[in-house]
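J.: Just passing along the structure, written as structure tokens.
The values are calculated or read from the model by the stated rules, or taken from the named source; none is laboratory data. All figures in this text were calculated on a predicted structure; none of them were measured in a lab. No Cβ is skipped: glycine too gets one built from the backbone with ideal geometry, and neighbour counts run over all protein chains shown.
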Amino acid sequence: WGLTSVAGGGDRDRYAVTSELRMPVFAPLTITLAGRYDAFKASGTTVDKPTYSIGIEYRPIESLLLRGKYGTAFRAPTLSDQYQRESGFYSSVVDYYQCAQRGYLPGNTDNCPPAYLNAQYFGTQSGNLGLKPINADVWSAGFVWSPIDRMALTVDYLNWDISDEVTQQSADGLSLQDYRCRAGIDDINSALCVQAMSQVQRDEFGELVSIYRPKINVSNQKLEAVTTSFRYGYDFGRWGDLSTIVSYSENLRHKYVQYAGDKPVDLLNDPYWSSDPKRKADASLTWEIGDFSTTWYATWFDKTPNYAANISENGYKAERAGKLPSHITHNASITYTAFEGMELSLMVNNVFNKMPPFDASYPGSSGAPYNSYNFDVYGRAYYLEMRYAFGK
């Protein structure tokens, strides 16, 4: 009910050749070379590309390893990305253009008339045979320091330059972009506005009729990040063995261009375009004694923008805009090895039954006042598991 059928089909042939050489040049220096060639034949066309990578490892002293790597990457669109035919559905979205006409700007649409706060539209979505492959240049540099047995500190800097990434367009994002173009916030003659307004159809009275959401290639995305981890383990003899791992990652820069020629968007600091956290971390503590092993695992999210900041062109300067607090969850498990090859486990996810950060800036009509892209509302969950490895 309310949906059209979904059809689609197609096939393609693929072949690839790959090779790798790991070459110790002299005692402290090792070089790794790798190359491959991929080709995909689909719908009478061939998409192919050679890729390669070069890695260097240098150990000036026994406890310190310096490393770096540069490479190119290539990924063809999936079969569904290419061959899924149009399918239709009815849904609702905030009609930011009509709300703004009545004085309710993005970020302050709570009192917008219901007909526009939840404007019904007929949506269509599909794959796209015109999709290009995803291409990327990737490089990294870092070190591993291990001064004593079972202790290691790792730090790496990573840099990605990705082009033509595939994504499904957002109805809310298209509605908001349609408003920005009609209101003159963005140049109505820009490639971004011409494309968005061709996909958001309105009748002669300006009423929303339909939104087309195909899969598209993102023109360019650049990301810089740093990751670090610390590992340590100690054997307490008859009291068991204790080991811990702590990992941390931080996005340093994240630029995004949706259409060629558009001004780059700062995904780290512009909440209208992204609600991703800048920082994430996790930690685990494992204690093993006899046939028992138990692990405590925690994950942490940095602060993220709230809904009012996400939907406003003014970002954090919009009314009621701000950041949601950081969020941490805990998991725990205990495993018993009954005999060789047989393990019995009890696992508990979200030990403290913690809800995601509450977002009071959502409209009162919303039934999910939290960011579903970053969090879920699954409460405490218990799992019993038995694993048996045959042949041991």
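J.: Out of S275, S284, S312, report the one residue that is polar (S, T, N, Q) and modelled with pLDDT of 95 or more. Write out each step before concluding.
T.: Details: S275 fails: modelled with pLDDT of 95 or more; S312 fails: modelled with pLDDT of 95 or more.
Within the list S275, S284, S312, the selection yields S284.
J.: Report every pair of residues separated by at least 6 positions or lying on different chains whose Cβ atoms are under 9 Å apart, first residue within the range 1-23 and closer than 30 Å to F122 by Cα and among the polar types (S, T, N, Q), second at pLDDT 90 or above and assigned to a strand (DSSP E or B).
T.: T4/S87; T4/G88; T4/F89; T4/T124; S5/S87; S5/G88
J.: Look at the range 264-284 and say how many of its residues are aromatic (F, W, Y) and more than 15 Å from V218 (Cβ to Cβ).
T.: Going residue by residue through the range 264-284, those that are aromatic (F, W, Y) are 272-273.
Next, only the ones that are more than 15 Å from V218 (Cβ to Cβ) stay: 272.
Residues in the range 264-284 being aromatic (F, W, Y) and more than 15 Å from V218 (Cβ to Cβ): 1 in total.
J.: Output the number of residues of the range 1-50 satisfying the condition of being among the charged types (D, E, K, R), closer than 20 Å to T72 by Cβ and more than 28 Å from the chain's Cα centre (by Cα).
T.: 2
J.: Tell me yes or no: at least one residue of the range 47-57 is buried (at least 17 other Cβ atoms within 10 Å of the Cβ), in contact (Cβ under 8 Å) with a residue 40 or more places away in the chain and not hydroxyl-bearing (S, T, Y).
T.: Taking every residue of the range 47-57 in turn, at least one turns out to be buried (at least 17 other Cβ atoms within 10 Å of the Cβ), in contact (Cβ under 8 Å) with a residue 40 or more places away in the chain and not hydroxyl-bearing (S, T, Y).
J.: Quick one: in the range 100-146, which of the residues that are of a type in the set (F, W, Y) and outside any strand (DSSP E or B) is surrounded by the fewest Cβ atoms within 10 Å (Cβ to Cβ)?
T.: Of everything passing the filter in the range 100-146, Y104 is surrounded by the fewest Cβ atoms within 10 Å (Cβ to Cβ).
J.: Any idea which of G237, G233 is free of Cβ contacts under 8 Å to residues at least 60 places away in the same chain and either surrounded by fewer than 16 Cβ atoms within 10 Å (Cβ to Cβ) or in contact with a strand residue (DSSP E or B) (Cβ under 7 Å, 6 or more places away or on another chain) (or both)? Quick ask: steps written out before the conclusion?
T.: Values: G233 fails: free of Cβ contacts under 8 Å to residues at least 60 places away in the same chain.
Of the residues listed, the single one that is free of Cβ contacts under 8 Å to residues at least 60 places away in the same chain and either surrounded by fewer than 16 Cβ atoms within 10 Å (Cβ to Cβ) or in contact with a strand residue (DSSP E or B) (Cβ under 7 Å, 6 or more places away or on another chain) (or both) is G237.
J.: For V94, only one of the following conditions fails: (1) under 29 Å from the mean Cα position of the chain (by Cα); (2) exposed (fewer than 15 other Cβ atoms within 10 Å of the Cβ). What is its number?
T.: Failed condition: (2).
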